[in-house]
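Have a look at the structure below, then the notes.
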Amino acid sequence: MKRGVVFILCLSLLRPVMAALPMASSSTVDISTSPLEDEYAVYPSTPTKKQLRQMREFRPRKAPIRQLHNMERTINRAIKRTSPNPRVQSPGTSAMPGQAPAMPKPPAEVSTPPTRADRFLNAAAKVMTKSWNGNIFVWLPAISTDPNTGPTMGVLPVLVLADPETHHIRHLFAPSYTYNELFGHTGTWRYYFYPTDASQLFTTASYSQHTNREVKARYENTAARDGVLYIRAESYYAIDASNRFFGIGPQTREGDEAGYTSKDAIGRVAAGINFEHSWRATLGARLRQFSTASTIIPHTADLTTRQPDLAGIGTHNTMAGEFRLLWDTRDSPITPSHGSSGELFTETTSPELGSDSDYIRYGLDGKRFFLWKDPKQVTVLHGLYEWANGPFIPFYELPSLGGRDTLRGYGEGRFADRGRLVANVEHRYTFSSLNLMGIQTNFEIAPFFDIGSVFPTASQIERRYFRPVYGTAFRAAVKPNVVGDVEVGIGKEGPAVFVDINYPY
């Protein structure tokens, strides 16, 4: 039926066109073609295999109707699962019954109770310290028992002025008053100035009722000119009647003690270059004039009487040049907790420039700091080797052991010879910390062990002459600038106590 209708429509459309055409003769039919039609080639209507392959490759893809329907169903199921059930009603509020128990309170914050040391230090800090505008004023006792000077007692008030933004110490004033049987009343003025964390200016002046005098100034900058240059300048003048000398060699006895009064004037300058992040090379010069006089210590032989031929008695000048090569990977030059440092040094005198001394000195000094997993604990190793050789070495220029920096159970200069070897180990433990107006102070206890000996040559080092020292240090460290230090050491000749500023090494 549909085909018939379509056929009738086609005939009706062609009828006008056929009527307009001229009628041809029925007897002959002339079919002619244009000459141009002969130039066209007739290609086969069936495509080749290559064309079929291209047609299959570029045929339009069918829309992934099935995948789209599956994705739509998945999305609908997910929406249905996450939608709230309209049949479920949210709970409503209701009044609590009259006999209902009270609501429990939230647990209080758990805080670590303070230790006995914390309570003691906090109580002592309230009594001994006053603070205002970020600054601190502290009263400290000044008590020491040096083997050379004997018991000393006094008071040491300290004024600390800090930067209000960084809370780093910038000024420290530490005057003191002490009394000693040998020197009577002594007044001392100390001033530390820290322009930056890498620079320091230190001045001190001391005047005793009997004999002793001291004036000292030192400036050091470890990172001048954007960390490139190192600068150090120092001047020192002192009259000290507490000196002792026991002779030359490791076998000297305590009964060989002799005393003398010294007048010592020193000027020293050094400059160097920092390179490769942790290395430094410096050149320096040192001028020293040293004089000896009679001792004032009762019941002690005079040095001139006991050893009249000792090299260095009288007045002598020393003019020396030095070279030092330093490496330093510590996190802080004054209050380090990890890293290492070492120094190779050599010094030679110059008789041509007026030096009475004539010798060459060289040595190696090294430190290593081990930080534990607990940051409150640091183990420190220190070693020093030094040797001097020459035709004229004054006794006060000889390498020596004893005192706060080497063997802490003996007095300053207890053992002296052309060479010295010393090793120190200590364990620093921070047992308490105190925050005063934003300035953190760590209180440390540090048991230590020292051992060392002097010798005329390296081949003559003998194990029997090594002197052991056991002891403990008590310190208050304010990073990164200041450390208050009390060292208590015990050697074969008894105990010794030293009080000073900063670590011994």
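The values are calculated or read from the model by the stated rules, or taken from the named source; none is laboratory data. Just so it is clear, the model here is predicted, and its values are computed rather than measured. When we count neighbours, we look across all protein chains shown, and the Cβ atoms used for this are built from the backbone with ideal geometry, even at glycine. Remember, those area values only see protein heavy atoms, side chains included, never the ligands or the DNA or RNA. Shrake-Rupley method; radii C 1.70, N 1.55, O 1.52, S 1.80 Å.
If the cut-off is 14 Å between C-alpha atoms, which aspartates and glutamates fall inside it for Lys49, apart from same-chain ones fewer than 8 positions away?
Candidates past the 8-residue exclusion: Glu57.
I need the calculated FRET efficiency for the pair Phe137 and Arg253, taking r as the beta carbon distance and R₀ as 51 Å, to the nearest 0.05.
Working from the Cβ atoms, E equals 0.60.
For the charge dipole of segment 350-505, defined by +1 on Lys and Arg C-beta atoms and -1 on Asp and Glu C-beta atoms about the Cα centroid, which residue among Pro447, Pro495, Pro468 has the Cα displaced farthest towards the positive pole?
Working it through, the farthest residue towards the positive pole turns out to be Pro447.
Along the principal axes of its C-alpha atoms, what lengths does segment 247-298 span, in descending order and rounded to whole Å?
Result for segment 247-298: principal-axis Cα extents of 53, 27, 15 Å.
Computing the accessible area with a 1.4 Å probe over protein heavy atoms, can you report the carbon and sulfur percentage for segment 130-289?
59
So, in nm, how far is label Phe392 from label Arg213 when the simple model puts each one 7 Å beyond its Cα toward the Cβ?
2.7
When we measure straight from the Cα of Lys376, which aspartates and glutamates land under 18 angstrom away, once same-chain ones fewer than 8 places off are left out?
Those aspartates and glutamates meeting the cut-off are Asp118, Asp331, Glu426, Glu444, Asp485.
Step through the residues of segment 216-226 one at a time and calculate ³J(HN,Hα) from phi using the Karplus curve (6.51 cos²θ - 1.76 cosθ + 1.60, θ = phi - 60°), rounding each to whole Hz and writing x for Gly and Pro.
8, 9, 9, 10, 9, 9, 8, 8, 6, 6, 6
Rounded to whole Å and ordered largest first, report the semi-axes of the equivalent ellipsoid of segment 377-505 derived from its Cα gyration tensor (root of 5λ).
32, 15, 12
Which one of Thr406, Tyr396, Val380 has its Cα pushed farthest toward the positive end of the charge dipole of segment 355-411, where Lys and Arg give +1 and Asp and Glu give -1 at the Cβ?
Val380
Which value in nm describes the separation of the simple spin-label points at Val486 and Ala224, placed 7 Å from the Cα toward the beta carbon?
3.8
Which order do peptides 328-335, 481-488 fall in by mean Cβ count within 10 Å, highest first?
Descending packing order for the listed peptides: 481-488, 328-335.
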